[in-house]
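See below for the structure under consideration.
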Amino acid sequence: MHQTTTSRAVQFESFGGPEMLILREVPAPQAGPGQIRVRVTAAGLNPMDWFMTSDAATAARFGLSLPCGFGTDYAGVVDQAGAGVTGFAPGDRVFGGALSRTVADHVVIDVAGTIAVGGDAHHTPDGVDDRTAAGLAIAGSTASAALAVVAPGPGDTLLVGGAGGGVGVFAVQLARLAGARVLGTGSAASAAALRALGAEPVTYGDGLAGRVRALAPGGVTAAMDLHGTETAQAARELGVPDGRITTIATQIAGITPANGANAAPGALEEIARLIAAGRLRVPIAASFPVERIRDAVELQAGRHVHGKVVIDL
Ligand SMILES: NC(=O)c1ccc[n+]([C@@H]2O[C@H](COP(=O)([O-])OP(=O)(O)OC[C@H]3O[C@@H](n4cnc5c(N)ncnc54)[C@H](OP(=O)(O)O)[C@@H]3O)[C@@H](O)[C@H]2O)c1
């Protein structure tokens, strides 16, 4: 068994913004029964990372307390497997999520766990690099869950709000693969990035419903709001029934929200397979060495990234 004794981990000792993040030397965690230890090579960031560590009340809702780790998505290589583990062995490439502790050299994962409790792990297929795999867990599962709610297919015109973000890049491409026409909201500066994903860009902000109507005079049949409420409201204005609208960032009475935790089993494996087959890609907005974690979080928290922000370890 690998006996690494020290490890680096990004931690919070008090709640707040990126300035609270500290890269520390910590004892390397060890895999117990039913657990694997992963040497993390890349960790993808999500808005939830800085949101849930911003204040004590929010952290408590996620079961977090100080000192607290940081980051939830990861990719790397198994370097320990505890007693009773089947399906994973040292040397296996893996990716997944573990709530608020993945920006670290090592993360211990319960192989029977979930992202919220114990962490989860999936095999990384050949043809998917670690930076890409490190962006899949939260955003990929959430996009998949959102697609399951509105079930876009051939004949559908789907409006995606916040289409260029971490979740949006998966949602747009998965909807296109399902055969739908996709209109994606973004700033004017995001138009080319949205087109490259297969979406027809439409700028967000006042008058959204009118701009969508001009682009799709035949109507919109489904919508997912990945940013707030504007897209869901525009969809209602355009006559989309509530049953074909979903949200992920907020709740709207009458509309079924989507949550990554409810993604179908195998959803991430399917996304990884599509990437390996060259049918889906994960734009990496930026990557940073772990020493620059604060800069990375500031960029992510600006809410204008295209795709994923990744930390290299
Ligand atoms: N329920 C769940 O399970 C779940 C899971 C993951 C995420 N979420 C939530 O879902 C939201 C999206 O997550 P994410 O990872 O995609 O975030 P993200 O990567 O930070 O999203 C960035 C995108 O938001 C767009 N944006 C900025 N202002 C906008 C506006 N006013 N209207 C529409 N789009 C706007 C940006 O487009 P421009 O650059 O063109 O401005 C950018 O492409 C977050 O609030 C997150 O907390 C929920």
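The values are calculated or read from the model by the stated rules, or taken from the named source; none is laboratory data. The shown structure was predicted, so the numbers you read here are calculated from the model rather than taken from an experiment. For neighbour counting, all protein chains shown are included, and Cβ atoms are generated from backbone atoms with ideal geometry for every residue, glycine included.
Details
- Within region 89-102, the set of residues being surrounded by 20 or more Cβ atoms within 10 Å (Cβ to Cβ) and over 12 Å from GLY76 (Cβ atoms) comprises GLY97, LEU99, SER100, ARG101.
- When residues in region 7-38 are screened for being more than 20 Å from ALA57 (Cβ to Cβ) and not basic (Lys, Arg), 18 of them pass.
- Breaking point among (1) more than 16 Å from the ligand (Cβ to nearest atom); (2) surrounded by fewer than 16 Cβ atoms within 10 Å (Cβ to Cβ); (3) assigned to a helix (DSSP H, G or I), for ASP126: (3)
- Single unsatisfied condition, ASN46 versus (1) polar (S, T, N, Q); (2) within 20 Å of the chain's Cα centre (by Cα); (3) at pLDDT below 95: (3)
- In region 141-175, residue nearest to the chain's Cα centre (by Cα) [restricted to those that are assigned to a loop (DSSP other than H, G, I, E, B) and within 11 Å of the ligand (Cβ to nearest atom)]: GLY165
- Among the residues listed as THR53, THR6, the single one being modelled with pLDDT under 95 and out of contact with any helix residue (DSSP H, G or I) (no Cβ under 8 Å at 6 or more places or on another chain): THR6
- Helices (runs of 4 or more DSSP H) fully within region 188-262 counting 3 or more residues that are of a type outside the set (Phe, Trp, Tyr) and within 10 Å of the ligand (Cβ to nearest atom): 191-197
- Residues being modelled with pLDDT of 95 or more and either out of contact with any helix residue (DSSP H, G or I) (no Cβ under 7 Å at 6 or more places or on another chain) or among the small types (Gly, Ala, Ser) (or both) - total across region 61-80: 9
- One residue from ARG281, ARG273, ARG294 being of a type in the set (D, E, K, R) and either in a loop (DSSP other than H, G, I, E, B) or buried (at least 20 other Cβ atoms within 10 Å of the Cβ) (or both): ARG281
- Residue pairs whose Cβ atoms lie under 9 Å apart, separated by 6 or more positions or on different chains, with the first residue in region 26-55 and touching a residue at least 24 places away in the same chain (Cβ under 8 Å) and more than 17 Å from GLY96 (Cα to Cα) and the second part of a helix (DSSP H, G or I) and more than 16 Å from the ligand (Cβ to nearest atom), are THR53/MET20.
- Within region 204-218, the set of residues being in contact (Cβ under 8 Å) with a residue 12 or more places away in the chain and closer than 12 Å to LEU159 by Cα comprises TYR204, LEU208, ALA209, VAL212, ARG213, LEU215, ALA216.
- Among residues of region 146-166 being among the small types (Gly, Ala, Ser) and crowded, with 24+ Cβ neighbours inside 10 Å, the one that is nearest to ASN46 (Cα to Cα) is GLY166.
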